[in-house]
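Visitor: Quick one: this structure, given as structure tokens, is what I'll be asking you about.
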Amino acid sequence: MGFSGSLLGDMFREVVMFSYLLTFILAAMFALIFTPVAIFLAKKWDVLDYPGDRRVHTVPIPRFGGIAIYFSFWLAVLFSIQFDKMIVGIFLGSTIILIVGIVDDIKGVRPLYKLAWQLLAAIVLIFFGLAVKQITLPLFDTINLGIIGYAFAVFWIVGLVNTVNISDGLDGLAAGICFIAALILFWSAYRIGHASASYLMLALAGAALGFLFYNFHPAKIFMGDSGSMFLGYIIGAVSIWGLLKTATILGLVFPLLVLGMPLTDLVFAIIRRSWKGMSIVRADRGHLHHRLLDVGLTQRQAVLILYAISFCFGLAAILGVYGNWYIALGLVLLNVGLILRIMFRRFYLLKKNDKKKVYIKNRGNE
């Protein structure tokens, strides 16, 4: 009886893993099929990203990728699991985000209006039961958050929407980061037995990977705000949904570490813009990817470095789950040190170049 029970358990696990793998493959295949369609439609409707001051590309690129990612993701989910109340809420909220992103890609949306729609999309989930009602802190009893839990859920989702959005600056950067994050969050959801979240994360990873075939440098298409905000919304919603099953501080820290690279970039952007007296929603050319280009790296080199940093943040999160906090902390400090090095190295080179220009100018006046 024990042997047959073990055998049945192994067979069940194999079936489950095959089902997960099928979801991933379906999403990737859909993205491989839908992305060329999005490229065709973007060119037909003139939804193109033209070169400009903050742009690093030199020719117009279609930016309708969000539609391909959206349909690839939701079709894979539709074929994989039944829609329950929460998934319906995520579907509605992500659809709002997609539509706002499409309008922004085509016509442009003022930052405050875009933020208002992001808040609405996050609030939608509250009506479907998403809220962190309590959390357990080390050395303390469980703390009931009350209405703060609802506000926290909205803030979390909107924050991650903009975190991913701000990372979409180089070919393949946002898609690759979200691919890494989705796989690690799948591992987390699978570990705590959250099947629905596991399927959603694998569908997102597959859609991101399929899209990446067309989006990696030299990109044939950009995901646009519709794609980056959609990816951020799904990661934000599913990560906090998983937090509801654990309700521990570790469950909160885990997704923050997984997205540690773009979150760090976002924090530095807020500090930088505030220091200069600029609006924090005003775009600039001071992000990590811009600074790597400024020191002479190619797009591919810069993207691969940022992939590596993202992976190390994710690895730190996994190590923390297993109690290896010293190694995890070491990885986080190493990453932060590398990020600071990238920023200050850029300033050093610019200062050096300015001195060189002054020297040449003085020599010319002699």
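Visitor: Once you list every other residue whose beta carbon is under 9 Å from the beta carbon of F216, what net charge do they have if Lys and Arg are +1 and Asp and Glu are -1?
Guide: Result for the neighbourhood of F216: 0.
Visitor: Sticking with this one: Please list the radius of gyration and Dmax for the stretch 169-230, considering alpha-carbon atoms only, with Å as the unit.
Guide: Calculated on Cα positions, Rg and Dmax stand at 12.4, 39 Å.
Visitor: Then there's this: Sorting T35, T23 on the 10 Å Cβ count, fewest up front, what's the list?
Guide: Fewest-to-most ranking of T35, T23: T23, T35.
Visitor: Using a 7 Å offset from the Cα along the Cα-to-Cβ direction at both Q301 and L120, what is the distance between the two label points in nm, to one decimal?
Guide: 4.5
Visitor: Taking amide H positions as placed 1.01 Å from N in the peptide plane, with prolines and chain starts having none, which residues 5 or more places from Q134, or on another chain, fall under 5 Å of its amide H?
Guide: Hits under the 5 Å cutoff: L145.
Visitor: At a 10 Å Cβ-Cβ cut-off, how would you order D171, D294, D84, fewest neighbours first?
Guide: In order of increasing Cβ crowding within 10 Å: D84, D294, D171.
Visitor: Please report the net charge: other residues with Cβ closer than 12 Å to the Cβ of G172, K and R +1, D and E -1.
Guide: With Lys, Arg at +1 and Asp, Glu at -1, the neighbours total 0.
Visitor: What's the FRET efficiency of Q134 with Y113 using the Cβ-Cβ distance as r and R₀ = 41 Å, to the nearest 0.05?
Guide: 0.75
Visitor: Going by Cα centres, the stretch 297-343 and the stretch 83-115 are how many Å apart?
Guide: With the stretch 297-343 and the stretch 83-115 each reduced to a Cα centre, they are spaced 30 Å.
Visitor: Based on other C-beta atoms within 10 Å, arrange Y322, Y70 from fewest to most.
Guide: Taking fewest neighbouring Cβ atoms as first place, the list is Y322, Y70.
Read the figures in this text as sums done on the coordinates, not as results from a lab. The structure displayed is predicted, hence computed values, not measured ones. Note that each Cβ is placed from the backbone with ideal geometry, even for glycine, and that neighbours are counted across all protein chains shown.
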